[in-house]
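Beneath this line is the structure, given in structure tokens, with notes to follow.
The values are calculated or read from the model by the stated rules, or taken from the named source; none is laboratory data. Just so it is clear, the model here is predicted, and its values are computed rather than measured. Here the Cβ positions follow ideal geometry from the backbone for every residue, glycine too, while neighbour counts run over all protein chains shown. The accessibility values were calculated without ligands, DNA or RNA, using every heavy atom of the protein model including side chains. Shrake-Rupley method; radii C 1.70, N 1.55, O 1.52, S 1.80 Å.
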Amino acid sequence: MRGPEPLDWDGYCARWSAAHGGYDPRKAPSPVRGWLRLSHALGATVLRAGVRSPNAVTSLGLLLSAAVPPVAVLLPAGPFWAAVLALLSAFADTIDGVLAVLAGRASRLGQVYDSAADRVSEAAWLLAFALLGAPVWLTVAVGGAMWLHEYVRARASVAGMRDIGTVTIAERPTRILLTIFGLLATLVEPRAATVTMAAALLVTAVGFAQLLRAVRRALR
């Protein structure tokens with residue numbers, strides 16, 4: 001059965017903003033804004049198809065991410081198929097949030113589940129790079145930096161920061177792109193796994209500095 005007609009882009013932005021402390025996604029940097037527009041289109045398509053459970057979509061994305069490390073090292077042209085899985089997982093992870101907004105199914109428990117699934121998915125992607133040759137210490141450092149980025153934002157919200165602070169260079173769309181292109185690069189250059197992790201650490205460090213500046217401004 002055909003699902004309900006979803007909100008248009010402006011209506012979605014209004015609800016997204018209300019769920020994220022008033023931050024308007026239409027003012028986000030162009031890569032993040034483009035990703036959100038694509039996510040809105042995909043989420044609207046899924047809703048029209050009759051899918052209404054955000055948690056089910058979150059679980060699907062988590063399963064796809066869990067398959068990334070073994071696929072990357074066990075299958076012929078494994079990094080290619082791992083990149084495909086990471087992309088599908090990213091779409092699922094993004095669609096679940098869009099679906100929650102469009103279908104009016106957003107909940108605090110769902111937000112916690114979605115956030116935890118994001119961290120587990122990213123850990124699986126990092127494990128794939130370690131298995132493809134990146135130094136373990138470097139992948140652990142990247143994972144710690146990504147976790148710290150999200151942890152500080154969450155704690156700042158608890159402390160009174162009314163929105164997400166700022167959209168940094170190290171947001172999830174950037175991590176997704178680094179993962180996908182990094183996996184594909186290992187097909188032609190074995191050292192690409194290490195280079196990708198080094199780039200991810202640099203980007204996350206810059207993003208963390210941006211976030212700290214916003215947190216200090218918000219909580220001063």
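Taking every protein chain into account, the 1.4 Å probe leaves Arg26 with about 100 Å² of accessible area, to the nearest ten. Farthest towards the positive end of the charge dipole of the stretch 1-156, among the residues Leu126, Ala77, Ala90, is the Cα of Ala90, using unit charges on the Cβ of Lys, Arg, Asp and Glu.
If you average the C-alpha positions of the stretch 96-172 and of the stretch 67-91 separately, how far apart do those two centres end up, in angstrom? Using only Cα atoms, the two centres lie 20 Å from each other. A full extension of the chain between Ala56 and Val112 corresponds to an added length of 18.7 nm, given 0.36 nm per residue minus the alpha carbon distance.
Maximal additional length on extending the Arg155-Ala77 stretch stands at 24.0 nm, based on 0.36 nm per residue less the C-alpha distance.
Apolar share of the accessible surface for the stretch 1-143: 68 percent from carbon plus sulfur atoms, 1.4 Å probe. Per residue, the average separation of C-alpha pairs within less than 8 Å and at least 6 apart gives the stretch 115-213 a relative contact order of 40 percent. From the coordinates of this entry, P(r) over Cα pairs in 10 Å bins from 0, in percent is computed, and it appears in (1) 8, 32, 36, 20, 4, 0; (2) 8, 35, 36, 14, 5, 1, 0; (3) 8, 27, 29, 21, 11, 4, 1 under the label (1).
Remark: the chain carries a charge dipole of roughly 640 debye about the Cα centre, counting +1 on each Lys and Arg Cβ and -1 on each Asp and Glu Cβ. A 1.4 Å probe run over the chain, with the rest of the protein chains in place, finds 51 Å² accessible per residue. Report ³J(HN,Hα) in whole Hz for each residue of the stretch 93-102, in order, from the Karplus equation J = 6.51 cos²θ - 1.76 cosθ + 1.60 where θ = phi - 60°; Gly and Pro get x. After applying 6.51 cos²θ - 1.76 cosθ + 1.60, I find 5, 7, 5, 4, x, 4, 4, 4, 6, 5 Hz. Applying 1/(1 + (r/R0)^6) with R0 = 35 Å to the Cβ-Cβ distance of Leu184 and Arg216, what FRET efficiency is obtained, to the nearest 0.05? In this case the efficiency is close to 0.40. With contacts taken as Cα pairs under 8 Å at a separation of at least 6 residues, the stretch 58-115 carries a relative contact order of 35 percent.
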